[in-house]
1. Which cross-chain or sequence-distant (5 or more) residues have an amide H under 5 Å from the amide H of TRP59, H modelled 1.01 Å from N in plane?
2. Could you check the simple spin-label distance between ARG102 and VAL240, using points 7 Å along Cα→Cβ, in nm with one decimal?
3. Expressed as a whole number of Å, what is the distance separating the alpha-carbon centroids of the range 219-239 and the range 62-132?
4. D for the range 1-126, whole µm²/s, Stokes-Einstein with Kirkwood Rh over alpha-carbon pairs at 10 °C and 1.306 mPa s: what number?
5. Which residue, ALA41, ALA159, ILE93, has the largest displacement toward the positive end of the dipole of the range 7-243 when charges sit on each Cβ (Lys, Arg +1; Asp, Glu -1)?
6. Given the options SER65, VAL77, VAL32, identify the residue whose Cα lies farthest towards the positive end of the charge dipole of the chain (+1 on Cβ of Lys, Arg; -1 on Cβ of Asp, Glu).
7. Spin-label point model (7 Å from Cα, Cβ direction): what's the ALA130 to SER148 distance in nm?
8. Placing unit charges on C-beta atoms (Lys and Arg positive, Asp and Glu negative, everything else neutral), compute the dipole magnitude of the chain about its Cα centre in debye, rounded to 20.
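What follows draws every value from the coordinates through simple rules; no lab data is involved. Keep in mind that what you see is a predicted model, and the values were worked out from it rather than measured. Heads up, the Cβs are rebuilt from the backbone with ideal geometry, glycines too, and the neighbour counts pull from every protein chain shown.
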Amino acid sequence: MTLAEQVALVTGGSSGLGRAIVTALARAGAAVAFTYRANAAAAQALVEELSPAGTLVAWQGNVDSEADVARFIAETVARFGRLGILVNNAGIIRDSLVLRMRPEDWQAVIETDLIGAVRCCRHAVPHLVARGGGRIINIASVAGVVGSPGQANYSAAKAGLIGLTEALARELAPHGVTVNAVAPGAIDSGVVAGLPEEARRRLLAVIPMGRMGTAEEIAALVVFLAGPQAGFITGQTIVVDGGVMIPASAATDTVPSAGTLPGSA
């Protein structure tokens, strides 16, 4: 799969899942701009690491700032002459039970995880439409599909991101722009990677595949959705969670145990 001649912008690209997405897009041949909030050293290290694989540039900026979003999208277009792929990955968490959650934590998560993506879309879409099409890929979460206790603000923001994906897909389809969302489950990076061992065991116990996902698996899906093979896929939210959201009846009634699978003896 190649993304040669494509230009991508990834928000929140200097670490964790964003770093894996930037890496995968660059290695697929795209020129990639990515944003980071504060860690300039990590951003520069990534640029230096991937410079043989493609053209990279890092912009400092926050998606919760209208001025920053306008600037780093304009700078990307000025640097590369076009923009064809937008990956809305930037996000934060401020977890607490809803009755204890501070208003500023509600606001911060909604502002970054949802409204930040709206800002990026609003500034990027004219460039995608002008060149006759493009891709928008929103990084949502299973928390936006089923809700996550203790993460009401995050679940609400990610559910809103899924709704944004569906609405924009309908609006932009006539212009050749596809809009899709990826909803990861437990991915072994970022906050999840730092969980205590007991918490990891409890998490693994509810994943039918018996392991956590990797950032690279999410990034590979992003590359596919960004490519020409995904040109007729739009408005979709693809859940990547190792089978957690398989309906209980399907999981127990139709999925055989490993010992009964052909070739498992």
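1. When sequence neighbours closer than 5 places are left aside, the close amide H contacts are PHE34, THR35, TYR36.
2. That separation, rounded to one decimal, is 3.3 nm.
3. Taking the Cα centre of each part, the range 62-132 and the range 219-239 sit 20 Å apart.
4. Details: Rh = 14.9 Å.
For the chosen part, D equals 107 µm²/s.
5. Value computed over the given set: ALA159.
6. It is VAL77, whose Cα lies furthest towards the positive end.
7. So the two model labels end up 3.7 nm from each other.
8. Working: 19 positive and 21 negative charges, 49 e Å.
In total the dipole reaches around 240 debye.
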